[in-house]
Structures are given as structure tokens and as C-alpha cells.
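Visitor: Attaching a single structure in C-alpha cells format; questions to follow.
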Amino acid sequence: MSRGFTLLEVLLAALLLGIGLSTVLVSMSQSQKMMLASAYTETAQEVMDWGEMAYPLEDVAEEDDLDVHETKAEELWEMISDERLSREQQEKYHGYTWERERIDRNARDEETARLGGIVPVRITVKWADNRRGDHEEESYVALWRKAER
């Protein structure tokens, strides 16, 4: 009876260990990507909230005032707060922009009246992923109701 492991047993153990380690490394990489995406989305939600505070949809009186061109996150913060962003916050929000636009600019007054004066508006936050060089955006649709006269 021989003592120790045969070459075949050692190779099989090494193969199984390699497969297990590579699986762990792949799952760690995917987890890191998900965490980064989650952080970007969370920051985008904060910028959306700032935009809503700086330019409340409820305060819009006329359809022509619905559109707000791209505004930097830092500018939104200055509009809603008396404090300045810290250096860390400036880095976090750098490259994030907020905008609001009417979706159907060609809708006639009759169509808007038929919908009860409701106008769909798209609110968008854009940012760039500096590590990958990708430009991303999050948006949602809100409804604005034209005031009755």
C-alpha cells in the first residue's frame, strides 16, 4: 500500500481549487460593479431631488416655463442651500447635470385640453462614469397640469 497522493489526485484537487477561486473572483468583480452602479444611481437621485427643490413643478404657471436647460449639480445646491459643498461633495457631484423638458412640444392646445390640461414632462439627470468613460442618465416622467382660467 502506497502512502501519499497520486499525481492524478493532486491535479484534480488543483483544478477544483482553481475553479472555486476563479468563481469567487468573478463574483467579487460583479459585486464591485453593482456597488458602483448603485452609488451612481443614489447620487443621481440626490441630484433629482435638488432639481425638484430648485425648480418646483408646482410653481410653474405657464407651459413655456416648464423647460429648464441642463443645470450643474453644484448650481442646484447653491440655489437651495446657504452652505457650500465640501471638497469631497464637489468631487462626488462633479459632472452631474439636471434638466426638465416638455415631452410633446408639438401637442396642440386642443390635445392638452382633451387630457384635462395635463402635460407630460421628462426630468433627467446625466453623468459620466470617469472610470469607464461612459455617459449615463436616469430620467422619469412627471405630469404638470395647466392651471384653469
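The values are calculated or read from the model by the stated rules, or taken from the named source; none is laboratory data. From a predicted model like this one, the values you see are computed outputs, not experimental measurements. Positions of Cβ are generated from backbone atoms using ideal geometry, with glycine treated the same way; all protein chains shown enter the neighbour counts.
Visitor: Are there helices (runs of 4 or more DSSP H) fully within the range 58-149 with at least 1 residues that are of a type outside the set (Phe, Trp, Tyr), within 20 Å of the chain's Cα centre (by Cα) and farther than 19 Å from ALA39 by Cβ? List them.
Guide: Of the helices (runs of 4 or more DSSP H) lying wholly inside the range 58-149, those with at least 1 residues that are of a type outside the set (Phe, Trp, Tyr), within 20 Å of the chain's Cα centre (by Cα) and farther than 19 Å from ALA39 by Cβ span 73-80.
Visitor: Separate question: How many residues does the range 1-42 contain that are touching a residue at least 12 places away in the same chain (Cβ under 8 Å) and of a type in the set (A, V, I, L, M, F, W, C)?
Guide: Qualifying residue count for the region: 1.
Visitor: Further question on the same structure: Restricting to the range 1-49, name every residue that is among the β-branched types (Val, Ile, Thr) and under 30 Å from THR124 (Cα atoms).
Guide: THR41, THR43, VAL47
Visitor: Further, regarding this structure: Given the residues ILE103, ILE118, ILE123, which is the only one that is in contact (Cβ under 8 Å) with a residue 24 or more places away in the chain and touching a Pro at 6+ places or on another chain (Cβ under 6 Å)?
Guide: Exactly one of ILE103, ILE118, ILE123 is in contact (Cβ under 8 Å) with a residue 24 or more places away in the chain and touching a Pro at 6+ places or on another chain (Cβ under 6 Å), namely ILE103.
Visitor: Now, a different point. Can you spot a residue in the range 14-31 that is polar (S, T, N, Q), at pLDDT below 95 and surrounded by 15 or more Cβ atoms within 10 Å (Cβ to Cβ)?
Guide: The answer is no; no qualifying residue exists.
Visitor: Just wondering, is there one or more residues in the range 73-83 that are touching a residue at least 60 places away in the same chain (Cβ under 8 Å), out of contact with any Leu (no Cβ under 8 Å at 6 or more places or on another chain), surrounded by fewer than 15 Cβ atoms within 10 Å (Cβ to Cβ) and at negative phi?
Guide: No, the range 73-83 contains no residue that is touching a residue at least 60 places away in the same chain (Cβ under 8 Å), out of contact with any Leu (no Cβ under 8 Å at 6 or more places or on another chain), surrounded by fewer than 15 Cβ atoms within 10 Å (Cβ to Cβ) and at negative phi.
Visitor: Among the numbered criteria (1) of a type outside the set (Lys, Arg); (2) exposed (fewer than 13 other Cβ atoms within 10 Å of the Cβ); (3) at pLDDT below 90, which single criterion is violated by HIS69?
Guide: (3)
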